Amino acid sequence: MWFIYWPVPRQELILPAFYTLTWQEFEKLPSVRKSIPLKQPDYELLDAAIFQVTNKIRAKEGVPLLQYLPALHRSATFHAKAMIDLDFYDHYNFKQLAYLTPDKRITAFGGFFHYSAENIAQYDIMDTKPEYCPIREGKESFNYINCDTRQLFKPYTYLAYAEALVYGWLHSPPHRKNLLSINFQYMGCAARISKNPYQQPQVPFARVAQNFGGYGPPNFTPPPN
């Protein structure tokens, strides 16, 4: 069976600054070790951190690194944002049927692949224990503390959040399969933080989408036109 081969458009290969770095270079940036300011997060940095940590894991597992692709970043961003704005957590977006499935979203934003996949996650943006105590700080604000020690929990740094998130995927068999698949050559990642952080008893969290695309194992040869 032959497949149509869709080459990646030239304009899609122009890389934003964070994606021109190796994962080793990225980890040395001072900005990745700053706590995430939940009311004004740097989403470009957070998204790139998830991407770079994924490639770090692939390198350690001995599989080829993935390239950044704007189309996959756009589809991941759309879904992460939709899950927050429309208040759902699922691979299926039943509230926007034109973007119902991962494949529909990837295609809608310009990605055409033989193989594609999606990982999603909802993960607290603060490094809390399973049990924490919310305490009021002013009329419409909460802090989150260790119930035993009364220690204040703080947001993760950009790099620490990405590591906690991606290593969580790594220990889940379906997510691990996507993370380490050699069928993919491209990836885009996006996270969006829950609305009105600090204004409710639940600790703030992010919903994350990670989209993959590719043309099969490295020895795959596209059919002649």
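Tabulated values for the structure
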quantity	calculated
Close pairs from region 169-198: first on the phi < 0 side of the Ramachandran plot and among the β-branched types (Val, Ile, Thr), partner part of a strand (DSSP E or B) and at pLDDT 95 or above, Cβ under 8 Å, at least 6 apart	Ile193/Phe205; Ile193/Ala206
Residue in region 1-13 that is modelled with the lowest pLDDT, counting only those that are surrounded by 10 or more Cβ atoms within 10 Å (Cβ to Cβ) and assigned to a loop (DSSP other than H, G, I, E, B)	Phe3
Enumeration of residues in region 78-135 that are among the acidic types (Asp, Glu) and over 21 Å from His175 (Cβ atoms)	Asp85, Asp87, Glu131
Filter result for Arg74 (in contact with a Leu (Cβ under 7 Å, 6 or more places away or on another chain), in contact (Cβ under 8 Å) with a residue 24 or more places away in the chain and within 27 Å of Phe26 (Cα to Cα))	no
When residues of region 144-158 are limited to those that are surrounded by 15 or more Cβ atoms within 10 Å (Cβ to Cβ) and not aromatic (Phe, Trp, Tyr), the one farthest from Ile36 (Cα to Cα)	Ile145
Residue within region 157-172 that is modelled with pLDDT under 95, over 26 Å from Pro70 (Cβ atoms) and touching an Asp or Glu at 6+ places or on another chain (Cβ under 9 Å) present	no
Check on Thr149, more than 23 Å from Phe78 (Cα to Cα) and in contact with a helix residue (DSSP H, G or I) (Cβ under 7 Å, 6 or more places away or on another chain)	no
Qualifying residue in region 32-50 (condition: of a type in the set (Phe, Trp, Tyr), at pLDDT 95 or above and surrounded by fewer than 18 Cβ atoms within 10 Å (Cβ to Cβ))	yes
So Arg176, is it over 24 Å from Arg33 (Cα atoms) and surrounded by 15 or more Cβ atoms within 10 Å (Cβ to Cβ)	yes
Which numbered condition Arg105 misses (of (1) at pLDDT 95 or above; (2) surrounded by fewer than 21 Cβ atoms within 10 Å (Cβ to Cβ); (3) of a type in the set (Lys, Arg))	(2)
Subset tally (residues that are within 22 Å of Lys60 (Cα to Cα), part of a helix (DSSP H, G or I) and not hydrophobic (A, V, I, L, M, F, W, C)) for region 24-43	4
Of all residues in region 111-125 being assigned to a strand (DSSP E or B) and not polar (S, T, N, Q), the one that is farthest from Tyr89 (Cα to Cα)	Tyr115
Unmet requirement for Tyr198, which otherwise passes all of (1) more than 19 Å from Lys104 (Cα to Cα); (2) assigned to a loop (DSSP other than H, G, I, E, B); (3) within 19 Å of the chain's Cα centre (by Cα)	(3)
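Okay, residues lined up against (1) in a loop (DSSP other than H, G, I, E, B); (2) among the polar types (S, T, N, Q):
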position: Leu72; (1), (2): no, no
position: Ala80; (1), (2): no, no
position: Phe88; (1), (2): yes, no
position: Ile106; (1), (2): no, no
position: Lys129; (1), (2): yes, no
position: Asn143; (1), (2): no, yes
position: Thr149; (1), (2): yes, yes
position: Leu159; (1), (2): no, no
position: Gly168; (1), (2): no, no
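The values are calculated or read from the model by the stated rules, or taken from the named source; none is laboratory data. For clarity, every value in this text was computed on a predicted model and none was experimentally measured. With ideal geometry, Cβ positions are generated from the backbone for all residues, glycine too; neighbour counts draw on all protein chains shown.
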